[in-house]
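Only one structure is covered here, and it is reproduced in the block below.
The values are calculated or read from the model by the stated rules, or taken from the named source; none is laboratory data. Computed from a predicted structure; not experimentally measured. Every residue, glycine as well, gets a Cβ built from its backbone with ideal geometry; the counts of neighbours run over all protein chains shown.
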Amino acid sequence: MIFSDTLPGHTEPTDLTRYFEEVEHASLHLPQDHSQQLLTRAEARHLSQQMHFHPLMQQLGGLILDDVQTSNHHLYVSTGPLRGAVCWLSHDGASRIVYASLSDFLSAAIAARAEHQILEDRHPELSPLAEDQHALGHWILTMLEEADADVRVPALIPSLDLTDLALLRQLASHEDFYISEAIALEICRRPHKALAEIAQTCAQHPHPQAARAGGRARGMIRGLRG
């Protein structure tokens, strides 16, 4: 979904309306060398139409919020359990939710611009966790049979709280190594002894890339004290 006055029934959410008003009021859409620049409503819609081919844009009902000429973008999530959050759409496969809300994103963008930086260099280390973990888990399961599951699913895994072992077991053993690898990498960021079995499953994946990540996750867990 791309919000537009020309699409009947597609009403712009109030948080998005307020966001664009604040962007223009603070002149954050105006170019500034070597710093974060945000898009106006019209610019966001135009670029989002051009980027609509991307699986994550379709899955998340994405609306592009910025363009700093790096081939990477932040996008507003308009649908699903992560609705209202901001996703980092990365061309190198590291896409993930980075801000829980537009207000968090805007505050970070203002701080980055004040220091002549771009947000890409200031992302929080961990993604905010989805409030409804059950809904997110179910949503992920519906994507597993999609042809582009290797793009859609890994971007959502950092938003899991890693407590649903049945779900994690299914993802860790999935034939697509990108999905198994994403589980292992998230365990590396948040190691816990309860995840030892999941890390071992990743380490036993037939694809070496997933297996290596699983081995690192297993090592991180073994290194925990207590």
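Of all residues in region 32-63, those satisfying the criterion of being touching a strand residue (DSSP E or B) at 6+ places or on another chain (Cβ under 8 Å), closer than 27 Å to H138 by Cα and not in a loop (DSSP other than H, G, I, E, B) are S48, L56, M57, L60, L63. Counted as qualifying within region 156-207 are the helices (runs of 4 or more DSSP H) with 1 or more residues that are touching a residue at least 40 places away in the same chain (Cβ under 8 Å) and under 21 Å from G219 (Cβ atoms), namely 165-172, 177-189.
The residues of region 93-112 that are closer than 11 Å to P128 by Cα and crowded, with 19+ Cβ neighbours inside 10 Å, listed by number, are R96, I97, V98, Y99, A100. Within region 11-46, the set of residues being more than 18 Å from V77 (Cα to Cα) and either of a type in the set (F, W, Y) or surrounded by 13 or more Cβ atoms within 10 Å (Cβ to Cβ) (or both) comprises E22, E24, A26, L28, H29, S35, Q36, Q37.
Within region 164-179, not a single residue is in contact with a Lys or Arg (Cβ under 9 Å, 6 or more places away or on another chain) and either closer than 22 Å to T201 by Cβ or not assigned by TED's automatic domain parsing to the domain that holds R212 (or both).
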